[in-house]
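Take a look at the structure below.
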Amino acid sequence: MKTFFSLCMLLLAMGSVKKSHCGNQDATPLQTVAHVDLNRYIGTWYEIAKIPNSFQRQCQCGTTAQYALLPDGRIEIINACVKKDDSISRAAGIARVVDANSNAKLKISFVSLLGIRLFWGDYWIIGLDENYQWAIVGTPGRKYGWILGRAPILNESTLKKIYEQLDTLGYNPEDFKPSTPCAQKPE
């Protein structure tokens, strides 16, 4: 089943080496958080905001990511959203840690051909609440970015802090558009 997330990862892999199209094209290398405890990071995350992209345009609301730690140290990813026709779109992928010192730099793939993972894209954790209640994910070229939360909505003071952090990281906070939660949760 072809899903928007497969295309997402293809575009992410291709786009992560390009310079950002963001208004705040910062030339400094993107910094990740110092350390991610993967056992605390796994679980369900809700998309709070993102830089709009073509591979998610059919999503109406309720975009989620479910992470599960696999025995080999990789992370299983199940992304889902409610489409405009109220059907659910799902994509299964794999993430692997590429910086074991921090666990903050990962590569992800949603494309598999005969069991071989293709089109690995960058997934960098560039902001993380100390209690793992929100996270900021980006790519080195700052073309893509997501704000994630453990709940579908974050309060205004938390969002303000996140947007200030995005600006510090060289992203244009105005490029991030709020995602829409919905009553129907993708299962």
- Task: Please state which of the following conditions Asp26 fails to meet, knowing it meets all the rest: (1) surrounded by 15 or more Cβ atoms within 10 Å (Cβ to Cβ); (2) within 24 Å of Ser179 (Cα to Cα); (3) modelled with pLDDT under 95.
- Result: (2)
- Just one of the numbered conditions (1) part of a loop (DSSP other than H, G, I, E, B); (2) under 11 Å from Ala95 (Cβ atoms) is not true of Tyr67; which one? (1)
- Item | Number of the exception - Lys2 against (1) at pLDDT 95 or above; (2) farther than 27 Å from Leu169 by Cβ; (3) among the basic types (Lys, Arg) | (1)
- Determine whether segment 151-159 contains at least one residue that is of a type outside the set (Phe, Trp, Tyr), crowded, with 20+ Cβ neighbours inside 10 Å and either closer than 14 Å to Ile51 by Cβ or touching a strand residue (DSSP E or B) at 6+ places or on another chain (Cβ under 6 Å) (or both). yes
- Breaking point among (1) buried (at least 16 other Cβ atoms within 10 Å of the Cβ); (2) closer than 22 Å to Ser179 by Cα, for Ile88: (1)
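Yes/no matrix, rows are residues, columns are (1) touching a residue at least 12 places away in the same chain (Cβ under 8 Å); (2) touching a Pro at 6+ places or on another chain (Cβ under 9 Å):
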| site | (1), (2) |
| --- | --- |
| Arg74 | yes, no |
| Asp122 | yes, yes |
| Ile126 | yes, no |
| Glu130 | no, no |
| Val137 | yes, no |
| Leu154 | yes, no |
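Got at least one residue in segment 121-135 being surrounded by fewer than 15 Cβ atoms within 10 Å (Cβ to Cβ), among the hydrophobic types (A, V, I, L, M, F, W, C) and at negative phi? Can you show your working first?
Going residue by residue through segment 121-135, those that are surrounded by fewer than 15 Cβ atoms within 10 Å (Cβ to Cβ) are 130-131, 133.
Imposing the further condition that a residue be among the hydrophobic types (A, V, I, L, M, F, W, C) reduces the set to none.
Looking through segment 121-135, none of the residues is surrounded by fewer than 15 Cβ atoms within 10 Å (Cβ to Cβ), among the hydrophobic types (A, V, I, L, M, F, W, C) and at negative phi.
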- Query: If Thr63 satisfies every condition in (1) surrounded by fewer than 20 Cβ atoms within 10 Å (Cβ to Cβ); (2) farther than 15 Å from Ile125 by Cα but one, which is the exception?
  - Reply: (1)
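State all residues of segment 143-173 that are part of a loop (DSSP other than H, G, I, E, B), farther than 21 Å from Cys61 by Cα and modelled with pLDDT of 95 or more; if no residue qualifies, say none. Steps first, please.
Our first condition is that a residue be part of a loop (DSSP other than H, G, I, E, B); within segment 143-173, this holds for 143-144, 150-155, 169-172.
From the residues that got through so far, the ones that are farther than 21 Å from Cys61 by Cα too are 143, 169-172.
Listed by number, the residues that qualify are Leu169, Gly170, Tyr171, Asn172.
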- Task: Check Phe176, Phe110 and return the single one that is closer than 20 Å to Cys59 by Cα, surrounded by 20 or more Cβ atoms within 10 Å (Cβ to Cβ), modelled with pLDDT under 95 and not hydroxyl-bearing (Ser, Thr, Tyr).
- Result: Phe110
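The values are calculated or read from the model by the stated rules, or taken from the named source; none is laboratory data. Being a predicted model, the structure only gives us computed values, none of them experimental. Counting neighbours? That spans all protein chains shown, and the Cβs are built from the backbone with ideal geometry, glycine included.
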